[in-house]
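The values are calculated or read from the model by the stated rules, or taken from the named source; none is laboratory data. The structure presented is a predicted model; accordingly, all values stated were derived computationally and were not measured. Just the protein is used for accessible areas: all its heavy atoms, side chains included, with ligands, DNA and RNA removed. Shrake-Rupley method; radii C 1.70, N 1.55, O 1.52, S 1.80 Å.
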Amino acid sequence: MMDVFKIDSIDAYNRLVGLPTRHPFVAVVDLKEAANPIPPGRFDYDVYALFLKKGSQCSIRYGCRSYDFQRGSVVSFSPGQVVEVTGVSMDIRPDVVGLLFHPDIAFGTSLGNKLSDYSFFGYADNEAVHLSDDEHDIFIDCLDKIKRELEHPIDRHSGRLLSAGIDLLLEYMTRFYDRQFITRSKVNSEIVVRFEKNLKNYYRNQDGNEIPYPTVSFFADKANLSAGYFGDLVKKHTGISAQEIITRHIVDEGKRMLLSSSDDINTIAYGLGFQYPQHFTRLFKRLTGQNPTQYRRMSLS
């Protein structure tokens, strides 16, 4: 059984690796300077963390997927994530730098209102961003700015300045991921094509049986991606959210069933995966301007 390490505070992480705690809510870490090696095991995070791999690889596992943490890649974790770390040498300190911060540092700042917008914190480890040399330098520069503020005695300005520094790094991370989505456009296009194919096949050969409502998570899992990464990929490639694509397809299927069968609205709604027929009616009217009964009557008249 693997050891489990609860990272419920900045100090908990620093004590684990043998680094000093300069601020209760923020830490910039360089694991080459750590007194203790990173132990293999499960890390249960209650803080946000970003780690940049500068040297040789180690292996990280999240859920059912493994990822070789290669040089120049950044992985990010958010409160609630449990990550397995394996393949680390107990004799060598990994060439990894990173930022950890507690959600409390963002309270009352602009960062607090934006944290949920940084969707890459919900990505799986195999969806790391891989930095160019210039991006690597920007990441390090942002860390250095935060580190310099941590070395300043804590005063009434510290919280705002630290949160601003963190926000700057997260904005750059968003830019780096946007660039990666563009440079991987061919691969992403293939993922979107498979998504559309899987969506078209979802209701086939069901013979009217009730099936679960199709979700973004379902199609993301088929692509071996996290729902967050998959949703962002589809949105950046098509300009439409994955959820909206699914919604439009459901309504199209509803139209087909309304015109090709005499089933009542409730039966059709259940066949599309709705638990409550009124939800189907509401969705159908939002997209078509008519409720299902009106659509059927007018189309067949």
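The table below gives the values:
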quantity: Ellipticity estimate at 222 nm from DSSP helix runs (n ≥ 4, -39,500 (n - 2.57)) divided over the chain, nearest 500; calculated: -15000 deg cm²/dmol
quantity: Note, ³J(HN,Hα) from phi for region 174-181, Karplus 6.51, -1.76, 1.60, rounded to Hz, x at Gly and Pro; calculated: 4, 4, 4, 5, 4, 4, 5, 4
quantity: For region 110-155: rounded, prolate or oblate by the Cα gyration tensor [a/c cutoff 1.5]; calculated: oblate
quantity: Carbon plus sulfur fraction of accessible area for region 178-301, probe 1.4 Å, in percent; calculated: 48
quantity: The chain: angle of helix 133-151 to the longest principal axis, Cα-based, in degrees nearest 10; calculated: 60
quantity: Per residue, in Å², the accessible surface of the chain once ligands and nucleic acids are set aside, probe 1.4 Å; calculated: 51
quantity: Net length gained if the chain between ARG248 and ASN113 were fully extended (0.36 nm per residue, minus Cα distance); calculated: 45.5 nm
quantity: ILE140 accessible area, assembled protein chains, probe 1.4 Å, Å²; calculated: 40
quantity: Accessible area (Å², 1.4 Å probe, nearest 10) - LYS147; calculated: 80
quantity: J(HN,Hα) series, region 26-43, from Karplus relation 6.51 cos²θ - 1.76 cosθ + 1.60, nearest Hz, glycine and proline x; calculated: 9, 8, 9, 10, 10, 6, 5, 9, 6, 6, 10, x, 5, x, x, x, 9, 10
quantity: SER73 long-range amide H proximity, modeled H, under 5 Å; calculated: LYS53, LEU131
quantity: Crossing angle, helix 227-238 versus the chain [Cα axis fit, 0-90 degrees, rounded to tens]; calculated: 70
quantity: On Cα atoms only, tilt of 242-260 relative to the major axis of the chain in degrees; calculated: 10
